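Single-structure report; data block below.
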Amino acid sequence: MNEAEFIHQAEETMIALEDAIDEADAPLDYENNGAVLSIDCEDTGSQVIVSRQLAMQQIWVAAKSGGFHCDWDGQQWQCTTTSESLLDLLNRVLSEQSTQAIELTL
């Protein structure tokens, strides 16, 4: 994937995540600051950070349980350590950091 394709795919993903958070019936809020999406778990005061890493062509997730790197496999972002899709990974770490199960859908 070239740089322009990565930027396009990463931006589309960030927009889809914002829409999913807006539509979720969950105590979540977010702030997008360019290449960084900060997701606030309002019921616990914790955060999950999703960031676009241009040099590595990855999306990184920072959560209390650790840092995760996701590669584009041609269809979706896939975590390099857990093999979860980005969406499954986010649902898991947000649920771990919230007082309720989180089910974002894209």
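The values are calculated or read from the model by the stated rules, or taken from the named source; none is laboratory data. The model shown is predicted, which means the values in this text are computed figures rather than measured ones. Neighbour counts run over all protein chains shown; Cβ positions are idealised from the backbone, glycine included. Ligands, DNA and RNA are excluded from the accessible area calculation, which covers all protein heavy atoms including side chains. Shrake-Rupley method; radii C 1.70, N 1.55, O 1.52, S 1.80 Å.
Going through region 5-26 one residue at a time, which ones are over 15 Å from LEU106 (Cα atoms) and either among the β-branched types (Val, Ile, Thr) or open to solvent by 30 Å² or more (accessible area, probe 1.4 Å) (or both)?
GLU5, ILE7, HIS8
If I filter region 60-78 down to residues being free of Cβ contacts under 8 Å to residues at least 12 places away in the same chain and in contact with a helix residue (DSSP H, G or I) (Cβ under 8 Å, 6 or more places away or on another chain), which single residue comes out as farthest from MET14 (Cα to Cα)?
If we take residues in region 60-78 being free of Cβ contacts under 8 Å to residues at least 12 places away in the same chain and in contact with a helix residue (DSSP H, G or I) (Cβ under 8 Å, 6 or more places away or on another chain), then GLN78 is farthest from MET14 (Cα to Cα).
Could you list, in sequence order, the residues of region 52-70 that are farther than 20 Å from GLU103 by Cα, out of contact with any Gly (no Cβ under 9 Å at 6 or more places or on another chain) and surrounded by 15 or more Cβ atoms within 10 Å (Cβ to Cβ)?
Answer for region 52-70, where residues must be farther than 20 Å from GLU103 by Cα, out of contact with any Gly (no Cβ under 9 Å at 6 or more places or on another chain) and surrounded by 15 or more Cβ atoms within 10 Å (Cβ to Cβ): GLN57, GLN58, HIS69.
Taking GLN57 as the residue in question, decide whether it is on the phi > 0 side of the Ramachandran plot and in contact (Cβ under 8 Å) with a residue 12 or more places away in the chain.
Criteria met by GLN57.
Yes/no per residue for (1) assigned to a loop (DSSP other than H, G, I, E, B); (2) hydrophobic (A, V, I, L, M, F, W, C); (3) over 22 Å from ALA55 (Cα atoms):
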residue: HIS69; (1), (2), (3): no, no, no
residue: GLN75; (1), (2), (3): yes, no, no
residue: GLN78; (1), (2), (3): no, no, no
residue: SER83; (1), (2), (3): yes, no, no
residue: VAL93; (1), (2), (3): no, yes, yes
residue: GLU96; (1), (2), (3): no, no, yes
residue: GLU103; (1), (2), (3): yes, no, yes
residue: LEU106; (1), (2), (3): yes, yes, yes
